Each structure stands twice: as structure tokens, then as C-alpha cells.
Amino acid sequence: MPTYALIALPIPVFTLFTYAVPTRFGGMVHRGIRVTVPFGKRTLTGVVVDEADHTDVAEVRELIDVLDAQPLFSEEILRFAEWMSEYYVSPMGETLRTMLPYGTTPESTQRISIAAIDVDAIVPELRRTAPRQAAVLLALSDHPNGVTIPFLQRKVGADNLHSQLAALESKGYIERTIEMEKASRPKRVRGARVASALLGDEPALHRLFDELDRAAPKQALVMSQLFAESERSPGVFHPVAEILERAKTSDSVIKALLDRGAIELEMIDVSREEVLSGGDEGLEDDNYESTLGDQVRDFVLNDDQRRAVETISAQVASREFKTFLLHGVTGSGKTQVYIESIRAAIAGGRTAIMLVPEIGLTLQLVERFREAFGDRIAVLHSRLSDGERFDAWRRVAAGGCDVVIGARSALFAPLRNVGIIVIDEEHEASYKQYDQQPRYHARDAAVVRAQIEGAVAVLGSATPSIESYHNAERGKYQLLELPVRVDNAREPVIVIVDTLTARRQRLMRGSLSVRMLNDVRARLDKGEGVILFQNRRGFATRLECGTCSHSPMCPSCAVTLTFHKHRHELRCHYCGYCRKAETQCVVCGSLDLRQPGVGTQRVEEELAEHLPGARIVRMDQDTTSRKGAHRKILSRFANGEVDILLGTQMVAKGLDFSRVSLVGVVSADTQLLLPDFRASERTFQLLTQVAGRAGRRSEVQGEVVIQTAHPEHPAVMAAFAKNYRQMYDDEVRTRRQLNYPPFSRFIVIEFRSADQKDAEQAARQFRALMPASGPAFEILGPSAALIWKLRNLYRYQIVVKNHKAQDPGGKIFARSFANAYEAYRQKHGKTTVQVIVDVDAMGM
């Protein structure tokens, strides 16, 4: 039995903490077990990552409790977490917390409440000397029972209130209390079954049914249902609510049967998992066609698909790690290759993870996979409620499924014996975690998990990332190709509209060209479907005064506010700030407020004006914020209730509707003009992906109309030519000269503070502790971030170009950073400046 345990705690510290194991927990503490421990004045939940018989730490405190009978993390998952922690420079505790659903790590939180003071007398003086403290007191005065610090930060509109809270507490104006957060628990309901004694006494059972048939028909109906269930599932309790719903009766019937001794009741666990069917009718994908009431047809793989499935399946059977890049044109049947390869893995007794970049694509895939694998699939993504996610995670951990489908976080599903991990649309930037530690890339991390599990990784895309295709070129990945569409479907015809020329010739109607409007009208006259893509939501990018050029800015971020016309609002798409739009300039008083830029709301309005009979639905973040909205919109479009599906990136990938014959790109320049070295690659990918939604059946050849002010740009020309290799060769040539990815990894070290001088000073202090640029890496900065203020925090950055040729695994950089970080903590450990590291940053 270990005397001490090394615990990883969910705090931003690169240290394991040593705790003594009390004798009462003898034999219960193992690697991968969750425990609760005292930490300062709080109680935290941590994970045991190592055991020891002795320690040099003085005054070691004891564990409080052991939460698991068996390790919650397998040895493979722990090794995976250790790799992520090292590679992405993320504390082990925060990395492990990311791998668990919310509610499985109960811990204590601080609750802030206002003391017995005269707020009205105190606040005026504080407003003059300490305005943020005044704002805190006013916010607390609305909540006499107290609030958590995160809630208070949102209420006040500031991310860092600790110094203000300390000052208010020292003055006696506020009070702090410690309370435990509620952990997620299984949902429990009443269950009923036929009494065991009655099932063993057949004459008595017959007498009861005869009596109930004569005197209590509702009780007879409920008993009949429970008896039928007992025949199918002996000894199992069934939810009372479901029984009563089917019988169309009330709870008094259950009470009467219980009084007779005819039934037994017990509290049982039920799942809150998202329903896996019954809402995706009409959704289609690759060589799959389904409409309301249709049956899924049998598939016949073409030669390219069959070769890919045989190659992947043979590798799965070998139980040796390998990564494949499946490069297939849009509509080439990649999804069926995934399904058949996963089927082979399951036949060999192994399990599978299927990652998709968007929640909307998750919804589409579920019904397809359910047809192939029945109920032994689980869905994990961020739109599930905490309870649904907890139940799905618990079923996976218990071995109740073979396949997990989901977005980024599904990579951490506690599946055992994983045989294959599929990453669909592997080029998508949404696989990158941006907003919390670890800032991992799910595609790259999936390859490492597959290696640890002895599994196969399959990266699929019609437009592979430069990094993945480069890995295939140099033999790190094996390239598999699907060069043609299935079902003899033809590639769509692509038309480029030069908007500058069209505007000079007066052939533009707002943001839409006459050519595009005419083509849309012609397709609608034939009863065909149209998808229009504009990669910017809202009505206009900003309001702008025509007299003095003033544009309203977000008070918390260094960005202009986006104008949303339908509610006459200005919104920040970074922090969520929102207010009513002014009707005159606040600087000069002018009434000439212009609305430059084009968002999906403006396009929707213009379509309604020029095509008054068209049924249009908009699909962007504003229209899909409610649960189930993705499914409802796509189902309506699939069933022909909508003529034009207009949206942002949500409509650009993965959708497959046989009725779509025309796809329009309102502006190909939105992504193209960003100050980002990946802008050309992403523009090509978006144009190619959205073009692939058109004409995916052999009956009608699709058409794609792309509007751009830069028709000669290499990315646009490569998309027009449908030539991935043309784009790839052009990008690789430039990136090799500049030592950009894939020849280096970009690492961004960011410093955030509510005080601009503090952020800048911290960045300079940290840079002074790092070594000079050398063969392994080049260090740039520090300098202000492109968006230098975000959510009331000022941002400064150091950018490291870590050369892969000299430091393949990034270990030299990791050591240099660790040394600098430790020295920085020792010298400036009490600073409130946040230090954030983003390895393999997708942008700056």
C-alpha cells in the first residue's frame, strides 16, 4: 500500500502535489483514481498519477476522500494526457480535467456576498476613488444571497476582480463563504415490475388478471404491459412514467397495484443521452440518400473505395499503428469508407472514434451510423446538456458502445481497445482548441492517441491541410485517393464573377450579381435547391459615420461592433457585448450612418427583395443557438420546405442533398484578405468544399457561382481549376522560403492583463529570461496582439518559430520555456498577468 500519492490538480501550475494516504484508504488509491484533497482553504478534486513510499515534502496533508472504486482513466489515457501536457505545455491537472465531462470533478467554490453595510452611502465615494469596487458592490446589492466569482465577473464585465475583492473584504464590505459544487449524478426515476412472488405463482397471476379485467381495466392494461416487459427482460424494472404514458392513465393506478402486492417499485438509473434517431429524416451524406420514410439502400463500393477499405482494414487487423490520409474529392464516398473500415474493426473485437469538425455534421452522421451499428454508438459534443454528456460518457466507460461520434472533445472518450480513429474533414480549423488549456489540435492529438492504443488513424478530406499532405509526401502518412465521385455524378461547372467588373457594368444588385440572381431564379423554377454561402454573420460589419468616419467600438475589445439590422443592435462577436444601435453619430451628431460590409442578414434581405416568392432560411450562429435548431433547418431544406439555404461555414461542408443543383459564394474575398499566412489555403478549402455541395447525383450537373474582386488570385484560380496540387505546390514553395508550417511549428506565448502596462512589462520580462534565437527556434517580439484588447484584457505576444528539422518533437523549446517559466514565477510570481501558451497556433 502506498504511503503517499502524487496528485494532479486542475489549477494552472506545472507541479504535482504530494498527499499522505490515510490507512482507512488502504488498497484504494491507484494511478487514475480521483480523490478529493485540501488545497489552501478549498477542497479540490485531483487525479492520482503516481504513488510513493517516501517524500521529501514537509508537512504533508492527507487525502480527504477517494471517489472511484476503479481507475477512471485507463493507462493508455493517462499516457495520452502526459503527452498532451508535455507537448502543449499544459499543466497535467488541467489536461485531465479537459478529458472529463462537466460535473465529474466536484470542488469547492467561493461565494461572494455583500456585508451589512449602507451601499447608498458608500458607493458615491468609491465611484470617485475605486470605480470597479463600486461596480462590484452595486452588482452584489442585487443578489443578497451571494454569487460566484465567475458570475460576478460577467455581471461587472471584467475578467480579473481578485484585487478588488481583496480590498473590499479588508474594508469589511463583502464576505466570502466556501461551498461544494454539485457533481453530476445519474438520473434516477421510479421503476416498476411484476412482483416476483406473483410471477412464481401462475394460478394467482391468472386470478389477478381475471379480477382486474372485470373491475379495474386500467390496472389490467398496466399489468399487461409490465408482464410483457417481464417476458422480454426478466427481473428488469421499467420507468413508471413510460408505462403510464403508454397506458394513458395516472399514478393512482400504480399505487393501487402496489397496494395489491401486484408490482414492486425501485429507483432506477435512466439515460439522458441525446436521442439518436427520429429527427434526421431527409439528411444525406456522400453516397447516402434518405428522405422521410425511405429505407437506407445497399451500397456497392467502387474500385477506389474498395481498395481503401481493404488497405485500412488489413492495417487494423495487424494491430499496429499507422496513419492514412484519405484524399477524396467531394462526393467520392469517404463516409462509406469510414463505415466499412469501422465495421471491420468492430468485427475484430475493437472499438472506434469518429471525429467531425462541426456539431451540425455530427447530427447528420448519427442516423447513418445507427443504421450500420445499431444502438452501440454514443454521441459526444458541446451542445449536449451536462446530464446528457455525463450519461453518454458513463455508458462509454462501462463498455456499452463500440463507436463514439462527436466533435473535438469526443477524442477523450474512455473507450477501451480502440482500433481505429477517423478524423473527417481533417483540415478544419475548428479541431483546434482556442479558449482553454490544453490548446490542443484534435487531429494531431488523435494520431498520438492512435499510436498509444496501437490503432489506425484515418484523416479524411477533399482539401487536406498543407501539414497533412506534406506528411504524406514524405512517407509519414500513407496516401489513399478517391479521385472520382460515386454514382457517376459529374463535377460541378464553376463560374467566376468578377464583382469589380460587374459593378462597373451595373450588373450588381447590392451584394448579388445579376448572373447569380438569374441562375438562382432558373434553378428555383425547376424545383431544385440552392445553397448560398457568405462567411460573415450579421447585416453589416459596422456602422460608419459618413461625415467623420467614426465607427462604434466594443468597450471591452479592440474591434468595431457588428450591426444586426433585424433587432437594430450592435454586437461584439468576441465577448458578446450588445446594445441598441444609435440613430446619429455620437461624435459629430450626423444622421448619415452608413452600413459597410455584407453579412448573412443583408444577403437574406436582398434575396427577399429580388426573389419575392423564394422560401429562404438563414443558417448561422444567430439562428442555430437553440438546441435542435441545426436539425430543424436541415430537415426543412431536405424535405423541400425551403428553396434557398443561406449561411456561413455551417453550409460549406459535409452537407449532401440530392436536390441541390446550384451553390453560390457571395464573396470569396472575406477569408482571402485576412492578415494570416493560411488565408490562401483556407480560401481554397472553403471554395472547394462549398462547391462540392452542388450536383452530387448523376441526374443533374451542378453549377457553382463564385463572386470575387480578385479572380486572378492563385487560391481562386486553383479552386476554379479544381486542382488541389496547384494550390499545394504554390503554398509549399512560399512557406519553405519563410520557414512557416509545415517546416516549423508556430508557438504563441501570450500575456493578458487588465492593465496594459502590466501586460507589456510581463512580456518583456519573460522574453529576457528566454535564450536568444538559434538553430532550434527563432523568437519574435514581444509586440501587441493584432486584436490588442479582448474582453477587457490587454494582450501582448511572443511568437516562436520552432524549426522542425532541428527540433522534431519540440523538446528543446519545451525545456527552454520550462526554465524561463520557472524563473519568471520565482521573480514575478505574485503578478496578476495571465501567461498562455499556444503550441501549433493556427493564427495570431
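The values are calculated or read from the model by the stated rules, or taken from the named source; none is laboratory data. Bear in mind that the values here come from a model prediction, so they are computed numbers and not experimental data. Don't worry about glycine lacking a Cβ; one is built from the backbone with ideal geometry, like all the others, and counts go over all protein chains shown. Ligands, DNA and RNA are stripped out before the accessible areas are found, and what is left, the full protein with its side chains, is counted by its heavy atoms. Shrake-Rupley method; radii C 1.70, N 1.55, O 1.52, S 1.80 Å.
How high is the relative contact order of the range 669-738, in percent, with contacts defined as C-alpha pairs under 8 Å that are six or more residues apart?
Details: 43 pairs, mean separation 20.7, N = 70.
Relative contact order here is 30 percent.
Place a +1 charge on the Cβ of each Lys and Arg in the chain and a -1 charge on the Cβ of each Asp and Glu, then give the dipole magnitude about the Cα centre in debye, rounded to the nearest 20.
Details: 108 positive and 107 negative charges, 417 e Å.
Roughly 2000 debye for the chain.
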Item to check | Distance between the range 229-272 and the range 552-597 - C-alpha centres, whole angstrom | outcome: 57
Checklist entry - Got a number for the accessible area of ARG97? Probe 1.4 Å, square angstrom, nearest 10. => result 90
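On full extension of the chain, what length is gained from ARG815 through SER233, given 0.36 nm per residue of separation minus the C-alpha to C-alpha distance?
Details: separation 582, 0.36 × 582 = 209.52 nm, distance 5.86 nm.
So the chain would gain 203.7 nm between ARG815 and SER233.
Express as a percent, rounded to the nearest 5, the fraction of DSSP beta bridges in the chain (both residues included) that run antiparallel. Intermediate results must be reported in sequence, preceding the final value.
On the way: 74 of 127 bridges.
Roughly 60 percent of the beta bridges in the chain run antiparallel, per DSSP.
So what's the back-of-envelope 222 nm ellipticity for the chain, counting only DSSP H runs of four-plus at -39500 (n - 2.57) apiece and dividing by all residues, rounded to 500? Write down the numbers at each step before the final one.
Details: 27 runs with 299 residues, N = 844.
That comes out to -10500 deg cm²/dmol.
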Checklist entry - To the nearest 0.05, what FRET efficiency results for ARG626 and ILE836 with a Förster distance of 25 Å applied to their C-beta separation? => result 0.20
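In debye, nearest 20: dipole of the range 711-834 around its Cα centre with unit charges on the Cβ of K, R (+) and D, E (-)? Please report the intermediate quantities before stating the final value.
Details: 20 positive and 11 negative charges, 65 e Å.
Approximately 320 debye in magnitude.
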Item to check | Between the range 39-92 and the range 501-529, the Cα center-to-center distance that results, in Å | outcome: 61
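Going by a ≥ b ≥ c, the root eigenvalues of the Cα gyration tensor, does the range 473-581 fall in the rounded group (a/c under 1.5), the prolate group (a/b larger than b/c) or the oblate group? Let's see the in-between values first.
Numbers: a/c = 2.39, a/b = 1.46, b/c = 1.64.
Verdict is oblate for the range 473-581.
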Next on the checklist: Under the rule of at least 5 residues apart or a separate chain, name every residue whose amide H is placed under 5 Å from the amide H of GLY702.
Outcome noted: VAL493, GLY695
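Taking a quarter of the surface of the Cα convex hull of the range 341-490, what do you get in nm²? Intermediate values should be presented prior to the final figure.
Values: hull surface 40.1 nm².
With the hull built on Cα positions only, its mean projection is 10.0 nm².
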Item to check | For the range 1-46, alpha-carbon Rg relative to the globular expectation (2.2 N^0.38 Å, N residues) | outcome: 1.13
Checklist entry - When the Karplus curve 6.51 cos²θ - 1.76 cosθ + 1.60 is applied with θ = phi - 60°, which whole-Hz ³J(HN,Hα) does each residue of the range 390-399 get, with x for Gly and Pro? => result 4, 5, 5, 4, 5, 5, 5, 4, 7, x
Checklist entry - ARG370: accessible area at probe 1.4 Å, nearest 10 Å²? => result 70
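If you take the beta carbon distance between ALA347 and ALA429 as r and set R0 to 56 Å, what does 1/(1 + (r/R0)^6) give as a FRET efficiency, to the nearest 0.05?
Result of the calculation: an efficiency of 0.95.
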Item to check | Positive-end residue of ALA262, GLY40, ALA502, charge dipole of the chain with Cβ unit charges | outcome: ALA502
Item to check | Distant-in-sequence amide H partners of PHE324 (H built 1.01 Å from N, under 5 Å) | outcome: ALA457, VAL458, LEU459, GLN478
Item to check | Charge context of GLU605, other residues only, Cβ under 11 angstrom, K/R +1, D/E -1 | outcome: 0
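With an 8 Å cut-off on Cα pairs and a minimum separation of 6 or more residues, tell me the relative contact order of the range 730-844 in percent.
Numbers: 184 pairs, mean separation 44.4, N = 115.
Over the range 730-844, the number comes to 39 percent.
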Checklist entry - Just one of (1) 197; (2) 229; (3) 334 is volume of the Cα convex hull per residue in Å³ as worked out from the coordinates here. Which one is it? => result (2)
Next on the checklist: In whole Hz and in residue order, list the ³J(HN,Hα) couplings for the range 80-92 that follow from phi through the Karplus curve 6.51 cos²θ - 1.76 cosθ + 1.60, θ = phi - 60°; x for Gly and Pro.
Outcome noted: 5, 5, 5, 5, 4, 4, 6, 5, 8, 6, 10, x, 4
Next on the checklist: Let me cross-check ASP643: its accessible surface, 1.4 Å probe, with only protein heavy atoms counted, in Å² to the nearest 10?
Outcome noted: 30
Checklist outcome for this item: If each K or R counts +1 and each D or E counts -1, the residues other than GLY419 whose Cβ falls under 13 Å of its Cβ total +2
Next on the checklist: Students sometimes get this wrong: rank ILE312, ILE496 by accessible area, probe 1.4 Å, all chains present, largest first.
Outcome noted: ILE496, ILE312
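State, as an integer percentage, the relative contact order of the chain based on alpha-carbon contacts under 8 Å between residues 6 or more apart.
Details: 1639 pairs, mean separation 86.2, N = 844.
About 10 percent, as a whole number.
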Item to check | Accessible-area ranking of LYS627, LYS827, largest first, probe 1.4 Å | outcome: LYS827, LYS627
Item to check | Which of ILE644, ILE353, SER549, positive extreme of dipole for the chain (C-beta unit charges) | outcome: SER549
Item to check | the range 1-134 shape via C-alpha gyration tensor axes, a/c threshold 1.5 | outcome: prolate
